[in-house]
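Below is one structure; the comments refer to it alone.
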Amino acid sequence: MTNPIEVQGLVKSFGSVRALDGLDLEVSRGEIHGFLGPNGSGKSTTIRVLLGLLRANGGSVRLLGGDPWAQAADLHRRLAYVPGELALWPNLTGGQVIDLLGRLRGGIDERRRADLIDMFELDPSKKGRTYSKGNRQKVALVAALASDVELLLLDEPTTGLDPLMEAVFRRCVDEFRDSGRSVLLSSHILAEVEELCDRVSIIRAGRRVETGSLADLRHLTRTTVRSETVRPPTALTGMAGVHDLAIDGNRAAFEVDTAELDPVLGVLREAGIRTLGATPPTLEELFLRHYGDTLPDRPGAES
Amino acid sequence: MTGTWTLVRHFLRRDRWMLLWWSLGIALLYWSQAVSVEAVYASQAELDRAAALMGSNAAFVAMAGPARALNTVGGQVTWQATAFGAVAIGLMSMFLVVRHTRAEEESGRDELLRASAIGRRATTAATVVVVALANLLVGLLVTLSLVSFPLAVGDSAALGIGLAATGLVFAGTALLAAQLTSGARAAYGLTGVVIGTAYVLRAIGDVGTPVLTWLSPIGWYQGMHAFSGVRWWPLLLLVALAAVAVAAALAVFARRDHGSGVVADRPGPARAGALLGTPLGLAWRLQRGAVWGWAAGLFLTGLSYGSLGTDVGDLLGDSAMSQEMFVPSGMSLVDGFYATAILMLALMSSGFAISSALRPRHDELDGRVEVLLATGLSRTRWLLTQVVLTTLASTAVLLLGGLGLGVGYWLTADDGGAVGRYLLATLPHVAPVLVLAGLTTLAYGVRARWAGLAWLGLVLALVVMLFGTVFRMPEWLQDLSPFHHLALVPAEDFRWAPLLALAAVAVALTAAGIVGFTRRDVEVR
Ligand SMILES: Nc1ncnc2c1ncn2[C@@H]1O[C@H](COP(=O)(O)OP(=O)(O)O)[C@@H](O)[C@H]1O
Ligand SMILES: [Mg+2]
């Protein structure tokens with residue numbers, strides 16, 4: 001069986017802006033694939049090409065075994081899309097929009113619709129203009145998750161959701177994947193992708209720069225650690241994977257390659273841990289270190 | 001109140017074009033009445049005759065106001081311009097107020113402003129200042145344009161200042177509505193209802209129940225009796241009401257939470273009805289309000305044309321200018337007038353047709369089309385649905401105008417056959433209307449952003465119809481207007497060829513637009 005998403009050498013230009021510059025992307029069946037990149041790197045553009053909303057200038061794109069430009073409507077019945085920001089009709093209620101999108105997609109699972117509305121604590125009888133950003137996002141998520149499809153295309157779906165709702169979202173997407181279906185999830189937050197995804201592709205300025213399982217990517221990321229120990233952790237000095245070390249008596253602050261975290265923690269334990277703080281790596285730091293990018297945002301970038 | 005003046009300057013910069021167009025437009029409304037009365041009626045006797053006729057026509061009185069001194073230029077200006085002028089300045093004030101208050105709050109931009117060093121009430125205060133300036137500007141322009149005509153200074157000033165005060169009443173209303181409702185649309189709706197009610201109250205009042213006129217600010221404005229023994233005390237009523245409305249709005253503003261209204265938004269159905277499941281149902285659901293509004297407007301306009309009956313000759317006078325504008329050469333007066341009236345109805349319907357054909361553009365640029373086209377709905381089917389709705393609705397709107405005309409004529413001239421006759425004469429004009437809709441679809445199909453250019457087609461058609469003959473425009477230029485080709489029934493005999501050709505052009509433009517849309521990127525703002 002072919003992969004649900006196969007993209008090779010995809011090029012898309014808007015006038016003189018080359019938004020996608022030879023992008024490759026594969027999503028396999030039954031995985032949640034993280035599509036990670038800073039604002040303006042081309043995530044939304046890729047998803048719009050996958051949906052046949054934009055016409056590619058070059059490269060090849062296969063979606064669910066078909067051509068997304070020529071067979072858009074047929075393919076769309078088998079997938080659901082959550083845009084970065086769902087624009088609602090001011091006079092239609094959230095419930096009406098959920099039903100409308102569900103029907104146009106070829107039917108909606110009533111039980112699931114009710115459950116999702118409960119779980120996301122959405123009031124479906126409010127008019128579109130009165131929803132907050134987070135609630136608009138919930139409408140899009142319920143509409144997508146309530147339909148019976150084999151692929152989800154999610155473009156930064158958690159913007160505006162509070163942490164509680166993010167957890168609900170993660171549970172739903174996990175369940176979706178566990179029934180053997182596939183998800184493409186774009187995000188500019190490394191932690192979110194780490195928590196949810198099986199594999200990740202990192203995109204920068206319209207090109208993929210890394211791809212692999214999270215384990216494969218460990219070598220790229222560094223965790224920031226602050227510790228206070230009973231004895232000074234002098235053994236850290238010169239240790240492999242430790243960077244920017246500053247020891248001040250019993251306190252230490254440093255960065256460590258995420259792949260080397262375990263031996264470093266061993267050293268700290270030897271020294272007797274009193275307090276320990278670890279900040280997970282962020283995409284911004286990763287980009288700064290590996291590509292010398294000054295983030296955030298290229299000028300004119302869309303989120 | 002710190003920051004108020006910064007904001008005033010900021011608002012004025014943002015609004016300068018809008019303010020310019022509104023004030024010039026409204027001043028032109030008054031001034032052009034004076035000019036056209038002078039142009040149309042060659043002698044005082046003619047004007048006397050027309051005045052007697054207008055004043056005794058209840059439909060006219062309901063539309064315009066109490067008939068006073070209609071046989072003078074000033075009286076005509078007052079009568080023709082004040083009711084519409086009041087509505088226009090009310091709308092201007094409404095847009096100005098809501099756009100800086102409730103719309104900003106809704107969008108969240110206002111929160112940024114409030115979070116900065118600007119005082120909590122600065123936005124509201126600046127809005128009041130700007131809208132007051134705008135109304136005074138309109139009043140001043142109206143006064144100056146009439147004085148320059150020249151008309152009497154005192155009466156001209158009464159028209160201008162009264163108008164500004166009426167505008168302030170509606171500005172206060174809009175400011176209050178912006179506090180009461182929780183969304184810009186609802187605020188527009190509420191203010192619109194107040195303006196509409198003010199207009200209707202005075203209409204009923206003027207025709208027979210004078211006490212109702214005194215419940216309407218527009219009635220107070222017209223009660224100043226400019227050019228027929230001007231009196232100033234109704235102005236005090238207007239100013240007092242405006243002050244009360246603004247004070248009430250400020251009181252509510254001080255008590256309510258940011259982002260909320262006093263009247264909560266009514267919840268709607270939690271489930272979509274059967275209608276909403278289909279693309280056509282969705283399109284109808286989104287456009288039905290506009291369709292009903294335009295249909296009612298066209299019907300009433302047709303009705304008022306028709307209610308002139310056979311008296312149109314006296315109304316137009318004998319001057320060459322008005323004859324040439326309204327009645328193409330070689331036609332009988334009555335038939336020529338009604339053929340032209342039907343053409344006017346068709347041009348108005350084109351306004352609806354174009355705005356309806358522009359709906360896909362709004363939905364696309366606002367990002368709503370993306371999710372629709374990401375379902376099983378194909379691009380062709382979606383746009384075709386929109387075209388079908390525009391076609392059906394434009395046809396209905398135009399025919400209702402023709403029906404109104406026929407019914408009006410029937411009621412006045414007691415000629416039942418007129419209904420079918422004028423309806424039939426209206427029918428072929430569907431084709432040029434759809435040509436303009438097709439032009440819109442074509443522009444949209446090429447690029448969503450360009451679709452608005454289709455309005456130029458309507459502007460051209462209007463210019464050709466109003467001035468083509470008078471200014472002797474070159475024939476090829478006049479031929480560009482789709483309305484220039486049809487036979488002017490009932491004055492001329494009906495011809496099939498131009499009708500079929502126009503229909504073919506409409507179909508071709510539309511089809512090209514649909515094909516264009518299936519080949520281009522979906523745009524977002
Ligand atoms: N319709 C468009 N017209 C012009 N430029 C665009 C358009 N859409 C996206 N871009 C540009 O393409 C680049 C990628 O944008 P996008 O795909 O939205 O990035 P992301 O979703 O990763 O934030 C940005 O530089 C953006 O400005
Ligand atoms: Mg994006």
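The single residue among B:Leu502, B:Leu480, B:Leu486, B:Leu509 that is more than 14 Å from chain A (Cβ to nearest Cβ), of a type in the set (A, V, I, L, M, F, W, C) and exposed (fewer than 15 other Cβ atoms within 10 Å of the Cβ) turns out to be B:Leu480. The residue list A:Pro83, A:Pro124 contains one member that is at the interface with chain B (Cβ under 7 Å from one of its Cβ atoms) and either among the polar types (S, T, N, Q) or within 18 Å of B:Leu276 (Cβ to Cβ) (or both), which is A:Pro124. Screening the candidates B:Leu47, B:Leu70, B:Leu7 for the property of being assigned to a loop (DSSP other than H, G, I, E, B) and surrounded by 20 or more Cβ atoms within 10 Å (Cβ to Cβ) yields one hit, B:Leu70. Apart from one condition, B:Ala272 fits all of (1) in a helix (DSSP H, G or I); (2) outside the structural domain of B:Ala152 (by TED's automatic domain parsing); the exception is (1). Scanning segment A:86-111 for residues that are of a type outside the set (Lys, Arg), at the interface with chain B (Cβ under 7 Å from one of its Cβ atoms) and either under 15 Å from A:Asp123 (Cβ atoms) or in a helix (DSSP H, G or I) (or both) gives A:Thr93, A:Gly95, A:Gln96, A:Asp99, A:Leu100, A:Leu101, A:Leu104. If the condition is being of a type in the set (Gly, Ala, Ser) and within 16 Å of ligand 2 (Cβ to nearest atom), then segment A:156-194 contributes A:Gly160, A:Ser186, A:Ser187. Counting only strands (runs of 3 or more DSSP E) wholly contained in segment A:229-299, the ones carrying 1 or more residues that are of a type outside the set (Gly, Ala, Ser) and on the phi > 0 side of the Ramachandran plot occupy A:242-248.
Among the residues of segment A:4-55, those identified as within 22 Å of A:Leu217 (Cα to Cα), away from ligand 1 (no atom under 16 Å from the Cβ) and assigned to a loop (DSSP other than H, G, I, E, B) are A:Ser28, A:Arg29, A:Gly30, A:Glu31.
Inspect segment A:23-43 for any residue being within 14 Å of ligand 2 (Cβ to nearest atom) and within 13 Å of chain B (Cβ to nearest Cβ) and give the result as yes or no. No, there is no match, as no residue in segment A:23-43 is within 14 Å of ligand 2 (Cβ to nearest atom) and within 13 Å of chain B (Cβ to nearest Cβ).
The condition (being assigned to a helix (DSSP H, G or I), free of Cβ contacts under 8 Å to residues at least 24 places away in the same chain and either open to solvent by less than 50 Å² (accessible area, probe 1.4 Å) or in the same structural domain as B:Ala158 (by TED's automatic domain parsing) (or both)) is satisfied by just one residue among B:Leu212, B:Leu250: B:Leu212.
Okay, residues lined up against (1) surrounded by fewer than 17 Cβ atoms within 10 Å (Cβ to Cβ); (2) under 21 Å from B:Asp521 (Cβ atoms); (3) under 20 Å from the mean Cα position of the chain (by Cα):
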| position | (1), (2), (3) |
| --- | --- |
| A:Val7 | no, yes, yes |
| A:Ser13 | yes, yes, no |
| A:Leu20 | no, yes, yes |
| A:Leu23 | no, yes, yes |
| A:Arg29 | yes, no, yes |
| A:Leu36 | no, no, yes |
| A:Ile47 | no, yes, yes |
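Which residues, taken from segment A:150-182, are part of a loop (DSSP other than H, G, I, E, B) and more than 16 Å from ligand 1 (Cβ to nearest atom)? A:Glu150, A:Leu161, A:Asp162, A:Ser179, A:Gly180, A:Arg181 - these are the residues of segment A:150-182 that are part of a loop (DSSP other than H, G, I, E, B) and more than 16 Å from ligand 1 (Cβ to nearest atom).
Okay, residues lined up against (1) farther than 23 Å from A:Gly206 by Cβ; (2) open to solvent by 40 Å² or more (accessible area, probe 1.4 Å):
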residue: A:Gly59; (1), (2): no, yes
residue: A:Asp74; (1), (2): yes, yes
residue: A:Ala80; (1), (2): yes, no
residue: A:Thr93; (1), (2): yes, no
residue: A:Asp109; (1), (2): yes, yes
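When restricted to residues that are farther than 15 Å from B:Trp220 by Cα and out of contact with any helix residue (DSSP H, G or I) (no Cβ under 7 Å at 6 or more places or on another chain), segment B:140-164 contains 4.
Conditions (1) within 16 Å of ligand 2 (Cβ to nearest atom); (2) exposed (fewer than 13 other Cβ atoms within 10 Å of the Cβ); (3) closer than 24 Å to A:Leu154 by Cα, marked per residue:
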| residue | (1), (2), (3) |
| --- | --- |
| A:Leu196 | no, no, yes |
| A:Ala205 | yes, no, yes |
| A:Thr211 | no, no, yes |
| A:Ala246 | no, yes, no |
| A:Gly249 | no, yes, no |
| A:Val256 | no, no, no |
| A:Leu261 | no, no, no |
| A:Pro281 | no, no, yes |
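The residues listed here are A:Glu192, A:Glu175; of these, the one that is acidic (Asp, Glu) and free of Cβ contacts under 8 Å to residues at least 12 places away in the same chain is A:Glu175.
The values are calculated or read from the model by the stated rules, or taken from the named source; none is laboratory data. None of these values were measured; they are calculated from a predicted model. Virtual Cβ from ideal backbone geometry, glycine too; neighbours counted across all protein chains shown. Accessible surface is based on the protein model in full, side chains and every heavy atom, while ligands, DNA and RNA are left aside. Shrake-Rupley method; radii C 1.70, N 1.55, O 1.52, S 1.80 Å.
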